[in-house]
Amino acid sequence: MREELLRAASMALPWEACGLVGGTGDDLVRFIACRNAAGSPYRYTISPEDVLGALRAFERQGLGLRAIFHSHPGGEARPSATDIREAMYPGVLHLILGAPPDRHLRAFWIEAGQVREELLEDGD
């Protein structure tokens, strides 16, 4: 899945890439790239149509929404103040891919303005 996230981020340049990840329990199984309706290199908004389409696809596969992905094409792989303020899905992991050249991928729980990093395993 890491390769899919990298590919989505590269295709979205210069804008932030975004998408949703479905899974079961702690397993992240399927990534669906979404359009960045904000059209910005500094923020993302997933269109309601893309959210609905992804959630329906996950449901057909018996998956739930497990993570929200976006890239920071010009910055670090950590939540921005906007990311923290706009996080609206408690219990859903936030995957953030940093800027080139290293494209570091990190995961965070963001709830009620609090941020806690989750270490990713090699298989994630």
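Throughout, read-outs are computed from the coordinates displayed, never taken from laboratory work. These numbers were taken from a predicted model, which means no experiment stands behind them. Reconstructed Cβ throughout: ideal geometry from the backbone, glycine too, with neighbour counts over all protein chains shown.
So the check is Cβ under 7 Å with 6+ separation or different chains; which pairs have a first residue in region 27-41 that's without any contact (Cβ under 8 Å) to a residue 24 or more places away in the chain and a second one that's assigned to a strand (DSSP E or B) and crowded, with 19+ Cβ neighbours inside 10 Å?
CYS34/CYS18; CYS34/GLY19; CYS34/LEU20; CYS34/ILE46; ALA37/ILE46
What number of residues within region 52-81 are under 27 Å from PRO100 (Cα atoms), free of Cβ contacts under 8 Å to residues at least 40 places away in the same chain and outside any loop (DSSP other than H, G, I, E, B)?
Residues that pass the stated criteria total 1.
Got a number for residues in region 16-30 being surrounded by 19 or more Cβ atoms within 10 Å (Cβ to Cβ) and touching a Gly at 6+ places or on another chain (Cβ under 6 Å)?
Qualifying residue count, region 16-30: 0.
For the list (1) within 15 Å of ALA8 (Cα to Cα); (2) surrounded by 18 or more Cβ atoms within 10 Å (Cβ to Cβ); (3) of a type outside the set (Phe, Trp, Tyr); (4) in contact with a Leu (Cβ under 9 Å, 6 or more places away or on another chain), I need the number of the one condition that ALA77 fails.
(1)
Please specify each residue of region 79-95 satisfying the condition of being closer than 20 Å to GLY25 by Cα and aliphatic (A, V, I, L, M).
MET88, VAL92, LEU93, LEU95
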